[in-house]
Amino acid sequence: MDGLNWTRPNWRCETDFAPSEPAETLIYDDEVRAETDHLYQQVRDVILPDEWPAHAPLIAAINRLKKEKGAVILAHNYMTPEIFNCVGDLSGDSLALARMAAEVEQDTIIQAGVHFMAETAKIMSPEKTVLIPDMKAGCSLAESITAADVRAIRAKYPDYPIITYVNTSAAVKAEVDVCCTSSNAVQVTEWAAKEWGSDTVILIPDEFLAKNVAANTDVRILTWKGSCEVHERFTADDVEALREGHPGVIVLTHPESPEEVVKAADFAGSTAAMAKFVQDQKPEKVVLLTECSMSDNVAVKNPGVKFVRPCNLCPHMKRITLENIFDALRYNQHEVVVDGDVAERARIAIQRMLDLPKPDKPAQFERDRAPVPVALV
């Protein structure tokens with residue numbers, strides 16, 4: 001287990017729940033070993049040997065049930081490695097998952113992510129059953145703004161297009177003009193400004209994403225006072241401490257982080273962009289300033305890279321477990337339903353984003369451009 005050469009000095013997670021227990025006993029027997037040994041070979045550098053016997057029976061049971069029930073699991077990059085690599089059928093960042101949700105053929109979608117992602121899947125595949133393993137898997141950023149807030153913004157600024165980050169509820173998406181993700185926020189901002197003939201757009205609800213986008217475009221941006229509880233806690237001092245403690249480390253960060261963190265890092269981009277950076281550049285030593293499981297999942301695909309692991313856990317993502325994925329499949333429980341009128345209007349905003357040309361590569365954020373003032377609406 002030489003690959004497990006890492007520490008988590010910033011591993012922080014506050015939760016108020018305990019994982020569910022399967023109703024029946026699942027045993028790590030020879031049959032399960034035969035079904036899962038090849039999967040362990042993929043994740044052996046990020047899952048300890050002593051942990052695998054607890055995961056493997058559930059993994060085998062989930063993978064059997066998926067086939068029986070015609071289900072597909074969409075796994076976000078922040079899922080733990082046993083979910084992301086061993087039961088997830090399709091995986092990626094928010095933009096990738098939005099595209100996948102519109103294209104999957106299976107009758108049932110299990111969203112291994114948070115609630116707004118499940119709503120997006122339902123909006124894009126209204127005829128399908130969408131399940132989320134835990135209905136309380138929310139998002140601090142999504143909860144920072146409501147549909148009523150957007151209507152008030154529209155009334156105050158009727159001439160400016162409103163863009164919402166995909167990390168929002170279906171009700172919020174239904175009130176805006178177009179959605180974006182961190183992968184395409186600059187592209188969507190410039191498209192909306194041109195489409196509406198405006199020098200200003202409103203980009204909600206993440207103020208840090210808006211500020212980082214503003215530094216990468218000539219379009220004037222107004223934003224909302226929202227943030228991600230995972231990324232907002234990183235500081236420029238964290239970056240300096242990492243460089244002192246790990247000489248030569250390459251620091252990657254996400255545009256939901258404060259501007260001073262983006263400036264202090266070596267690279268800033270979406271989760272897909274960070275994964276591509278590691279894959280293409282193969283740095284000797286790297287740190288991803290984002291959700292903890294992202295590093296585990298990128299490490300699986302890049303065994304020769306040493307990962308330094310200071311990170312922040314998302315307590316909402318961590319509500320999704322093998323146990324409750326198994327229960328969702330067994331009992332067809334926790335179905336996500338979106339009101340028809342809300343879904344129809346939200347679909348327009350999502351589809352406008354999906355209709356834009358796919359970029360050749362995930363967007364990265366230029367760190368050396370001067371900060372641009374961004375006012376709050």
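The values are calculated or read from the model by the stated rules, or taken from the named source; none is laboratory data. These numbers come from a predicted model, not from an experiment. For neighbour counting, all protein chains shown are included, and Cβ atoms are generated from backbone atoms with ideal geometry for every residue, glycine included. SASA here: full protein model, heavy atoms, side chains in, ligands and nucleic acids out. Shrake-Rupley method; radii C 1.70, N 1.55, O 1.52, S 1.80 Å.
Of note:
- Gain in span if fully extended, TRP196 to LYS285, counting 0.36 nm per residue against the direct Cα distance: 27.6 nm
- Accessible area of segment 115-247 belonging to carbon and sulfur atoms, whole % at 1.4 Å probe: 49 percent
- Rounded Å value of the spacing that divides the Cα centres of segment 213-279 and segment 135-166: 23 Å
- Measuring between alpha carbons in the structure, the pairs from LYS225/LYS276; LYS69/LYS136; LYS225/LYS263; LYS194/LYS282 lying more than 32 angstrom apart are LYS194/LYS282.
- Residue list for segment 157-173, given a label point 7 angstrom along the Cα-to-Cβ vector of ASP339 and an amide N cut-off under 18 Å: 168-173
- Accessible area per residue, Å², segment 267-376 with all protein chains present, probe 1.4 Å: 44 Å²
- Cα gyration tensor shape of segment 245-377, rounded if a/c is under 1.5, else prolate or oblate by comparing a/b with b/c: oblate
- With all protein chains in place and a 1.4 Å probe, the accessible surface of segment 307-365 carries 48 percent carbon and sulfur.
- Ellipticity estimate at 222 nm from DSSP helix runs (n ≥ 4, -39,500 (n - 2.57)) divided over the chain, nearest 500: -12000 deg cm²/dmol
- Which of GLN42, TYR157, VAL286, positive extreme of dipole for the chain (C-beta unit charges): TYR157
- Mean separation of Cα contacts under 8 Å, 6 or more apart, over the residue count of the chain: relative contact order %: 23 percent
- GNM flexibility winner over the chain from GLU259, GLU244, GLU175 (Cα, springs under 10 Å): GLU244
- In the full protein context, segment 87-129 carries 32 Å² of accessible surface per residue, based on a 1.4 Å probe and ignoring ligands, DNA and RNA.
- Relative contact order (%) - segment 240-377, alpha-carbon pairs under 8 angstrom, separation at least six: 26 percent
- With a simple spin-label model that places each label point 7 Å from the Cα along the Cα-to-Cβ direction, the separation between GLN42 and GLU240 comes to 4.2 nm.
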